[in-house]
Structures are given as structure tokens and as C-alpha cells.
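Single-structure report; data block below.
The values are calculated or read from the model by the stated rules, or taken from the named source; none is laboratory data. Note that the structure is a prediction, hence the values are computed from the model and not measured. Methodologically, a virtual Cβ is constructed for each residue, glycine included, from the backbone with ideal geometry; neighbour enumeration extends over all protein chains shown. Please note that ligands, DNA and RNA were not included when accessible areas were found on the heavy atoms of the full protein model with its side chains. Shrake-Rupley method; radii C 1.70, N 1.55, O 1.52, S 1.80 Å.
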Amino acid sequence: MAADIVGIGVSIPEKVLTNADLEKMVDTSDEWIVTRTGIRERRIIDDEETVSDLAAAAGLAAIEDADIGRNEIDLVLVATGSPETIWPSTACLAQGKMGLPRCAAFDLQAACTGFVYGLAVADSLIASGLFKTVLLIGAEAMSRFVDWSDRNTCILFGDGAGAVVLREARPGYGVLASYLDADGRGADLLKIPVGEKHQTIKMSGNEIFRFAVKILPQCVESALKKAGLGIENVDYFIPHQANQRIIEAALDRLGLPKERAIGNIAQYGNTSTASIPLALDEIYRTKSLKQGDIIVTAAFGAGLTWGANVIKWSGTSGGMDA
Ligand code: UT7
């Protein structure tokens, strides 16, 4: 038994922060940012908005897309690395804001790999029979944890949320395999320390870059192997959107044509756990996805964590039975 994506929703803040805006804030240039990262602009939440607002809006959009009742959600699972409170969880805050009746709710912390981890966790919880319908949300207000005077990091991150409703798949469809991994020895390379006066992102960019270029292709291959598939079977590759150069290096190593990779880094920057569902939503809305398509998601992040999922698209989302 596997879990299937039966609805997708997103929430993207309206406020746009361009590279030109950043040129006024730190010693940087549009040219440097575009060539080194591929990012042109990112979205930033308003002062009065919070990450659970984004999570709730994306969650409700996914429920509506799945064409199910709010009372059918058994679990709200939120992957976030930028919560507004350590507790209560963003999942509980979003559950309340969505007006869902009682159901289980918890957060999952795997930094930028959170959505990939979340898909694996939701899949296994559905397979176990514990829950029938899971709302998985990747939501971030990274702008709240950015040091806006640090040009090494402030140019990278953006805010946003994406959500999927998951249910038992028809045989042969849905999440075919997941590969998850972590190495806590790299914990210092990327972190947001708690308890300091200014809790901001601290990053060793070069080390993370080298790690990502190596690990991204490896985890794709591991997940495909678990699914009994090869790189030639991949129709869409949705990598975590951290840096266009990392994505291109991974494509080279995997021997995957560029057209198979889906991304939104130019528009949204690194939205951490939201980057994969936001990109998935794009191919979903443009109706590029066909029943039977193989989608591979892959991510890496603080922890260090990394992982990948292989999904066979069933075409049952949008409240339609194929
Ligand atoms: O979700 C996971 C989160 N993080 C990541 O995935 C980050 C992975 N790392 C990266 O994406 C890249 O390492 C960065 C984009 C962060 C940096 O790019 P880089 O090509 O590795 O540059 P660098 O750190 O080697 O810096 C090169 C130069 C340095 O100047 P000097 O020492 O050569 O004079 C930096 O001070 O570029 C300078 N620099 C900048 N210049 C203009 C660093 N940031 C900026 C900036 N604008 N924003």
C-alpha cells in the first residue's frame, strides 16, 4: 500500500524582494546573485503575517483541490524550519486557522529536506493504517531568520508554502519509494541557534555547496534503486531549490536532460521545505503531468539531512478519479 497525492495547494506572499532591492541593503549585485545562484527575486511575508498563516492557506487550497471535506483530514503534518513558536507546533496553529475539526497534528524538523521526509512519513503512516488522509504542508517564513546584513545568506532565502493531501493509492501508483539519510557530524555547517538575542541563519556556504553537489545525485540513485527504476524512467525531477548551479551539477552527474528538471529558484529563491511542493504545483497547474509519469523529488539541508522520493503520478488529484 502506498500514499497518493490527491490534492495540491500553495500560498505565496505578495511582497516581492528583488536583487535590485538587495543591492540597496548589502554590498552585492544582481549580476553576482544571478550567476552564483540563479535567483532573481523572492517573496517575503508581511510583518503581520506568520508561517502558520501561509501553512493554513496552502493547506486549505490543497483540501479544496482534493475536493474533500475538512473533517476528512486525520493528520496535519507540517515540515518547517522557520516556526513562529517552538511550541505549539506550526501544525497545531495551522489546524486551528484552517478550522479543521479535531485530528492529529505535529511538526517534522528536517530543515530543507522536510518535505521529502514528510512524504515518506505520511506514506508510511497511511500504509500502516493509522491514518486514512494526511495533509502534508511545507511552509517557511525564512525571512524572519535571515540576518539582513549578511550578504552570504540574505540573498538566498524566500518565504512560501505548499501542501498536498495524501490518501491510499491504487496499486502501482503513488509514492513508490523513499530514501532518507542524515549525518549529524555536519550539524555546525548550517544552523539557526536558539536562545541567542538574534536568532539568524549561520551557514558555511562552500561546504554546503560541495556536500549538496555530491549528495543530490546519490540520493536520487538510491531512491530509484529502491523503486526498481533507472534514471531513464524519470519524467520529472524536482530538486530542492537552493542554488541553480547545484541543480545543474546534479543533472550532469545523473545524466538527466535539463528539460526534466522542474524549478522555481529564479522567482522564489530557496523556500526550504516549500520549494518542492511549489514546483510540483507548477507542473500540476500547467497540466503537464500525465498518468503514469515518474516524478523524483530530492532535497538536502541542515542536519545534515538528505533524501528523495519516487512517485508514480496517478492523476487522481483535483478531486477527479482517473
Ligand atoms: O538549503 C540549503 C541551504 N544552503 C545552500 O544550499 C547554500 C549552498 N552554497 C551556495 O549556494 C554558495 O556557496 C553561495 C551562493 C552561498 C556562495 O557562492 P560561492 O560561489 O560559493 O561563493 P563564495 O562563498 O566562494 O564567495 C566568493 C566571493 C567571496 O569574495 P572573495 O572572498 O572572493 O573576495 C564572497 O565574499 O563572493 C563574495 N560574496 C558576495 N559577493 C557579492 C559572497 N556573497 C556575496 C554576495 N554578493 N551576496
Matching option when the condition is within 19 Å of the chain's Cα centre (by Cα) and open to solvent by 50 Å² or more (accessible area, probe 1.4 Å), among 236, 179: 179
So residue 229, is it assigned to a loop (DSSP other than H, G, I, E, B), at pLDDT 95 or above, over 15 Å from residue 302 (Cβ atoms) and of a type in the set (A, V, I, L, M, F, W, C): yes
Residues being within 30 Å of residue 23 (Cβ to Cβ) and among the aromatic types (Phe, Trp, Tyr) - total across segment 148-192: 2
Residue 229 being open to solvent by 40 Å² or more (accessible area, probe 1.4 Å), among the hydrophobic types (A, V, I, L, M, F, W, C) and more than 16 Å from the ligand (Cβ to nearest atom): yes
Odd one out for residue 162, checked against (1) assigned to a loop (DSSP other than H, G, I, E, B); (2) under 18 Å from residue 83 (Cβ atoms); (3) of a type outside the set (D, E, K, R): (1)
Residues being under 21 Å from residue 10 (Cβ atoms) and either assigned to a strand (DSSP E or B) or open to solvent by 60 Å² or more (accessible area, probe 1.4 Å) (or both) - total across segment 142-159: 3
Of residues in segment 257-274 being closer than 14 Å to residue 298 by Cα and away from the ligand (no atom under 14 Å from the Cβ), the one most open to solvent (accessible area, probe 1.4 Å): 260
Criterion (surrounded by fewer than 14 Cβ atoms within 10 Å (Cβ to Cβ) and within 19 Å of residue 122 (Cα to Cα)) met by exactly one of 172, 184, 162: 172
Filter result for residue 7 (touching a Leu at 6+ places or on another chain (Cβ under 8 Å), open to solvent by less than 10 Å² (accessible area, probe 1.4 Å) and of a type outside the set (D, E, K, R)): no
Some residue of segment 292-313 being in a helix (DSSP H, G or I), modelled with pLDDT of 95 or more and on the phi < 0 side of the Ramachandran plot: no
Residue check, residue 151 more than 15 Å from the ligand (Cβ to nearest atom) and basic (Lys, Arg): no
Near pairs, Cβ below 8 angstrom, 6+ apart or cross-chain, from segment 15-27 (assigned by TED's automatic domain parsing to the domain that holds residue 42) to any residue that is surrounded by fewer than 13 Cβ atoms within 10 Å (Cβ to Cβ) and part of a helix (DSSP H, G or I): none
